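The values are calculated or read from the model by the stated rules, or taken from the named source; none is laboratory data. All figures in this text were calculated on a predicted structure; none of them were measured in a lab. Here the Cβ positions follow ideal geometry from the backbone for every residue, glycine too, while neighbour counts run over all protein chains shown. Ligands, DNA and RNA are excluded from the accessible area calculation, which covers all protein heavy atoms including side chains. Shrake-Rupley method; radii C 1.70, N 1.55, O 1.52, S 1.80 Å.
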Amino acid sequence: MVVKVTAALSFILILSCLALLKAGQAAAYSGDFEPQRVAVKFKPEYKSLLPNPSPVTFGLPEPDRTLAAIQARRIRPMFITDPKKYKSGLPDLSLIYVIEYGKGIPPQTAADLMAQHKYFEYAEPVPKAEFLAEPNDPNYAASTYLHVMNAAAAWDIHKGENDTVGVVIATVDTGSRWYHPDLAENIWNNLGEDADGDSVTIYLNGSVWAFDPGDLNGIDDDGNGYADDLIGWDFAVDSLLTQGNDPGEASGHGTTVSAIANQRTDNGLYSASLPWNLKLMPISCYYPGGSGIYNGYQGVVYAAENGADVINCSWGGTSRGHAQEEAIQYAYGLGSIIVAAAGNSGASILYPAAYPEVVGVSSVWNTGEKVSFSAYGVHVDVCAPANNVWALTYCSNTGYTSYAAPVATALAALIKSAHQDWTQEQVITQLIGTCTNIDSVNASYVNQLGDGLLNAHAALTEINPLPEQELRLAFNPDYDLFAPADANANHALERNETFSLNLRMRNYTFGVSSANVTYTLSTTDPAVNVLNNIHYGSLPADGYYYLDSAFLCQVSATAATKYVAFTLTVNADVTVTTASSFTFYLLVNPAGNFVWEGYASRDNSGRFIRDWLTAHGYANLYSTRFPTSLHGFSAVFLSFGAGSYTSRLNRLPMFNAIRDYLLEGGKIYIEGNDVLGFDLGYYLPDVGGGQSAAGVLWPLLGLAAADDGQSWPNVLDHLQGQEATAAHDLDFYGTNQVNQNTIDRYTPSPPALPAFTESDYACVAAQNYGSCGRKSFVFSYCLAELKDSLGLGTRDMLLQRIMADFTTAGNTMIGIPKVTITPLDGSTVKLSWPAAVNSVYYSVFQSDDPFAAWPDDWIEIYSMTTGLSVDIPTPPSTPVDRYYRVTATGN
């Protein structure tokens, strides 16, 4: 209740009550993935169960139920492979399938849902790959980058056209104008599809290059899975990713890349390329109007199976995928060299350049200085010059690594052509080991540009060069690998509990390994005792080293609730040029109040709740990282936020943690304008047993239903607190929340009660209790952004009451006893209460600032009499407006 009287005397009367609060924690998951596509790999033991999948099912009940829930519309093998090419020890790509689905849920969410099922080794989103540049200026007169690389001196030793086998370069890109007069004669002819036996699959028809009509029979003559693939393949003809046999250009990017890699040389047309007329296999993975590379790794597999010696990938993405990494392993295992652009975003790690067995290429100007935006760091192997890189009629001076990669591809192919009996390991070693060190002109990037600038002449003359003998390390705690293995398997590291860690190291240096490595785990925090702190192991060249259960730790008997910092130190018998110590954090002794917010920015309440708890003496832990388990916390507050700062409850691990916590009797507050309504059933349609997340969480939170409300802004005019809940007699008349679209509307189910209703809208908050002492309060608005009634601390009152409810034992939700506050005249108010009230607390506060902080000056009176009341005098009148607050609470 609020009353204001101005002029000679002003006072404001507010009803309040005591309460208790708890808080929670969050995790950030990120990734750049293709929409509505997810990859799954079946475990080898289930291979015999795999039928030829129908358009929408696997024929396996549990996975098929999830497929229906995400509206699967097509299932197909991710890779078409030739069984004759398979070698023992290579990944079995036939076990990997791509699921295309209609529901608009995030790919990571769909992957989480599929990963539940026992049949799959993994389920993951399909990483998006984008090409990294466009041509900009066709008017430069000379390819000076070739002079920087000493190309002419290299050609005096060997030209590609002098080889006897015909080394093949594949460009997996946006296609190529293969019929261009400066490309056509270098195009690879797939003679396995030469149906008419004339030893060509394309020919010059007058002045135009065209497919040989005698070879277009619609038959897969060579049995490689692709009919009439006369010169290559198009893996993305249109937005449906229809495939076709003409890898013609779709954007211009692929033609430029192809020309840099292997345009016709010494024919009096346009410009030259480093290989001097090897064979070019064009592969298209882009459709007109698309936004990136599609099925790029399928293109890599195709190129490798069809004999490509060097494969160029002038594209990449920031997300790692198991299926994509296995495709690279497969292609490398068949003998192909894979070269990829290292990226145009500085220190960002890009894939496929960062995968093992891939040569990552950065770009430098012809002076050797790094292009400002070009990649640097552990995943860079070599650098290529970027000035005056001619491709047909285009001349690039952009410095983009899209055009640096084919320069390195071209040199790798020239080396292979000069040494056709060499393995790809020998070719890559020669490519990297003959680079010119450029640290002297890159003082800020020492040891971060691979082995330096490519040198064609040195690559064809030096004998047994060695890459720099150094290790480039990174600590890669994948989310799943990083989860500690605790003794009782509840994922909560409790006092006295022992646990082990699953960690992973990555060495990015090609050809350099260490057999004698000491890994040391340490912490200076007494909350954890490292029982086994040393592991003796190794580091493979250009590969991973897994420290599974390598270290054993124990949480101390007196550990506080906190994140503990650990340091992993690596000592090897080879020089480590990057960081050799890595820090990571683990949560121990989960207890007390846990506060989580998805974004530490506006329209979230995590920091507000944290500060309130601290000010009122409640121990709390605040984080923007969601834990694998909420077990152990006496109460949890989750702030999902609003508008552009909304976090989604769309990850299965997050759902599992919340569900398990509620089932064990947890106390939880959840807020967000678009969290519990439509989203739960949409993003998580099958969380096991055919149930959606909504079907599981709604009953646990006391909701019969919830929806997103109206999609247009709902301007808050009056939130009315409801009887017998923590919101009793509390009112809000506005909010600073920027986005008020899709404010969730709740339909509580007994014993849950509506806590706040909004005039002309709906129920927007609900309070509930359940079995095992479970209690919850859900709220569609961001508490921190609500406007207190004239600054009187209404938000604080609500938190006090929620805390009181959460800390009261038993399965009875606190109904706030009503204390009536009645103004009698300009100087007195009356408090009155019903028989059930056995004590009342009240306070009077005077200020000329209606937003002043509330002091701790409670006055206590005791009463056991039905209907007892007390009159409270307010301060005397003054000539200026004053604000007088009278608050009261009864128990």
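Details
- Subset of the range 762-801 that is outside any strand (DSSP E or B) and open to solvent by 40 Å² or more (accessible area, probe 1.4 Å) - its residue that is nearest to Leu700 (Cα to Cα): Ser771
- Scanning the range 698-733 for residues that are part of a strand (DSSP E or B) and either modelled with pLDDT under 85 or more than 21 Å from Arg774 (Cα to Cα) (or both) gives Asp707, Leu719, Gln720, Gly721, Asp731, Phe732.
- Cβ-Cβ contacts under 9 Å between residues 6 or more apart (or on different chains), taken from a first residue in the range 145-166 that is closer than 15 Å to Asn388 by Cβ to a second residue that is of a type in the set (Ser, Thr, Tyr) and outside any loop (DSSP other than H, G, I, E, B), are listed as Ala151/Tyr145.
- For the range 158-181, filtering for residues that are in contact with an Asp or Glu (Cβ under 6 Å, 6 or more places away or on another chain) and among the basic types (Lys, Arg) leaves 1.
- Single unsatisfied condition, Gly377 versus (1) in a helix (DSSP H, G or I); (2) more than 23 Å from Ile96 (Cα to Cα): (1)
- Filtered residues of the range 29-79 (kept if of a type in the set (A, V, I, L, M, F, W, C) and more than 22 Å from Ala327 (Cα to Cα)): Leu49, Val56, Phe58, Leu60, Leu67, Ala68, Ala69, Ile70, Ala72
- Conditions (1) surrounded by fewer than 24 Cβ atoms within 10 Å (Cβ to Cβ); (2) at pLDDT 95 or above; (3) in contact with a Phe, Trp or Tyr (Cβ under 6 Å, 6 or more places away or on another chain): number failed by Gly218: (3)
- When the range 600-656 is filtered for residues that are of a type in the set (A, V, I, L, M, F, W, C) and surrounded by fewer than 17 Cβ atoms within 10 Å (Cβ to Cβ), the ones remaining, listed by number, are Ala600, Ala615, Ala619.
- Condition check for Gly292: open to solvent by less than 10 Å² (accessible area, probe 1.4 Å), under 26 Å from the mean Cα position of the chain (by Cα) and in contact (Cβ under 8 Å) with a residue 60 or more places away in the chain: yes
- Checked against (1) free of Cβ contacts under 8 Å to residues at least 60 places away in the same chain; (2) out of contact with any helix residue (DSSP H, G or I) (no Cβ under 9 Å at 6 or more places or on another chain); (3) not polar (S, T, N, Q), Glu425 meets all criteria but (1).
- Residue match in the range 329-343 (condition: within 25 Å of the chain's Cα centre (by Cα), open to solvent by 10 Å² or more (accessible area, probe 1.4 Å) and at pLDDT 95 or above): yes
- For the range 532-650, the strands (runs of 3 or more DSSP E) that sit wholly inside it and include 3 or more residues that are closer than 24 Å to Arg320 by Cα are 543-555, 581-588.
- Subset of the range 518-562 (residues that are more than 30 Å from Glu470 (Cβ to Cβ), surrounded by fewer than 15 Cβ atoms within 10 Å (Cβ to Cβ) and free of Cβ contacts under 8 Å to residues at least 40 places away in the same chain): Pro526, Leu531
- Qualifying residue in the range 669-679 (condition: closer than 23 Å to Val588 by Cβ, modelled with pLDDT of 95 or more, out of contact with any helix residue (DSSP H, G or I) (no Cβ under 7 Å at 6 or more places or on another chain) and not basic (Lys, Arg)): no
- Those residues of the range 704-728 which are open to solvent by less than 50 Å² (accessible area, probe 1.4 Å), of a type outside the set (Ser, Thr, Tyr) and within 22 Å of Met803 (Cβ to Cβ), in sequence order: Leu719, Gly721, Ala724, Ala726, Ala727, His728
- Yes/no for Gly702 being out of contact with any helix residue (DSSP H, G or I) (no Cβ under 8 Å at 6 or more places or on another chain), touching a residue at least 24 places away in the same chain (Cβ under 8 Å) and not basic (Lys, Arg): yes
- Scanning the range 657-697 for residues being without any contact (Cβ under 8 Å) to a residue 24 or more places away in the chain and in a helix (DSSP H, G or I) gives a total of 3.
- Residue count for the range 171-193, restricted to those that are touching a Leu at 6+ places or on another chain (Cβ under 8 Å), within 22 Å of Asn224 (Cβ to Cβ) and either open to solvent by 60 Å² or more (accessible area, probe 1.4 Å) or not aromatic (Phe, Trp, Tyr) (or both): 7
- Ala579 aliphatic (A, V, I, L, M), open to solvent by 40 Å² or more (accessible area, probe 1.4 Å) and in contact (Cβ under 8 Å) with a residue 40 or more places away in the chain: yes
- The set of residues in the range 237-264 being crowded, with 22+ Cβ neighbours inside 10 Å, at pLDDT 95 or above and assigned to a loop (DSSP other than H, G, I, E, B) consists of Pro247 alone.
One line per residue, one yes/no per condition, for (1) charged (D, E, K, R); (2) within 28 Å of Asp486 (Cα to Cα); (3) out of contact with any Pro (no Cβ under 7 Å at 6 or more places or on another chain):
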residue: Val512; (1), (2), (3): no, no, no
residue: Asn516; (1), (2), (3): no, no, yes
residue: Thr524; (1), (2), (3): no, yes, yes
residue: Ile534; (1), (2), (3): no, yes, yes
residue: Asp542; (1), (2), (3): yes, no, no
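- Complete set of residues in the range 347-364 that are within 20 Å of Thr398 (Cα to Cα) and over 19 Å from the mean Cα position of the chain (by Cα): Gly360, Val361, Ser362, Ser363, Val364
- Of all residues in the range 355-382, those satisfying the criterion of being open to solvent by 10 Å² or more (accessible area, probe 1.4 Å) and under 19 Å from Thr144 (Cβ atoms) are Trp365, Asn366, Thr367, Glu369, Lys370.
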